[in-house]
Amino acid sequence: MGSNAETEGVRLQKVMAAAGVASRRVCEDMITQGRVKVNGKVVTELGTRINPDVDKVTVGGTPVQLDNSRVYLALNKPRGVVSSMADENGRPDLSQFVEGYDRVFNVGRLDSETTGLIIMTNDGDLAHKLAHPKFGVTKTYVARVEGVVTPAIIHKLLSGFELEDGMIKADKAHVVDVQPGESLVEVVLHSGRNRIVRRMFEFVGHPVVGLVRRQFGPIQLGPLKEGRIRELSKIEVGALLKAAEGEVKRAPRPANKRAAAQPARGKRK
């Protein structure tokens, strides 16, 4: 069934309102202003009917999730929790944070000693794209490392080097702060390789003593406390769907910017 059918399907503005885009009246204005596309084509007719199960809707270029059964969550994973929904060794896992949500799972992993942002969802297609390096979705980490990180070390992180499982380099890296005997460094990567941030700093001679993931694609951890979970806003979900298609769109910054997470000192290994 195509989106041009006049007697079948659901009116576009009704579908948009049900998806939480805005009130039906505002959605009608969006349509008449030419801001809405169905399957890549601008639609300005208010009588347009679509099949929300198959038709794709964007507003201002941002995809709209029409399936209200989809769940998108941000979790601030505490230290000591493994990135699994059911750990076979009985260690604390992610399932404790999503009781009451149906069949959600984690997108990618953080090692047990790393804290910070994990996206949880029941949208398998999105999860696959977000986790796959070819889609280039970046992750931002703040690492507390031993020693004073010099500009030469930052250059090395950015220019890349060979690890046991292949070449790696940071997309971005800069020193945030230096304290006696340690540095705070922000690193942006699109690699999802196991313990990659820790291995990179180990290689350049600055072992990690604390690590937090502050951002995943357009989604920011913000002031979310460790062990807490929140549902992503409609704007954040749209930005995430767009990022999964290879387009970068920044979601709004969390209101309490000052409360951005800092990595605590973990166990020295």
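Pairs with C-alpha atoms separated by more than 30 Å, drawn from the list 56/77; 139/234; 77/172; 156/225, are 56/77; 156/225.
Taking Cα centre as origin and charging only the Cβ of basic (Lys, Arg, +1) and acidic (Asp, Glu, -1) residues, the dipole magnitude of the chain rounds to 740 debye. Evaluating kT/(6 pi eta Rh) at 25 °C and 0.890 mPa s, with the Kirkwood radius of the chain over Cα pairs in the Stokes-Einstein relation, gives 121 µm² s⁻¹. Using a Cα-Cα cut-off of under 12 Å, which aspartates and glutamates could be cross-linked to residue 41, ignoring same-chain neighbours fewer than 8 residues away? Excluding near neighbours in sequence, the set is 55. Dipole of the chain (Lys/Arg Cβ +1, Asp/Glu Cβ -1, origin at the Cα centre): which of 158, 128, 118 lies farthest to the positive side? The listed residue farthest towards the positive side: 158. Taking only Cα atoms and a 10 Å spring cutoff, compute GNM fluctuations for the chain and point out the largest among 43, 142, 104. Highest fluctuation among the options: 43. Solvent-accessible surface (1.4 Å probe) assigned to residue 137 amounts to roughly 10 Å².
Annotation: residue 138 carries an accessible surface of approximately 50 Å², with a 1.4 Å probe and no ligand, DNA or RNA atoms counted. Per the Debye formula on identical point scatterers at the alpha carbon atoms of segment 1-109, with no solvent, log10 I(q)/I(0) at q = 0.24 Å⁻¹ is -1.24. Per-residue SASA remark: residue 245, around 110 Å² accessible (1.4 Å probe; ligands, DNA and RNA not included). When only alpha carbons are used to place a centre, segment 197-220 and segment 12-80 end up 35 Å from one another.
Taking every DSSP bridge with both residues inside the chain, close to 95 percent are antiparallel.
The values are calculated or read from the model by the stated rules, or taken from the named source; none is laboratory data. Computed from a predicted model, the values in this text were never measured in an experiment. Using ideal geometry, Cβ is built from the backbone for each residue, glycine included, and neighbour counts are taken over all protein chains shown. With ligands, DNA and RNA removed, areas are computed over all heavy atoms of the protein, side chains included. Shrake-Rupley method; radii C 1.70, N 1.55, O 1.52, S 1.80 Å.
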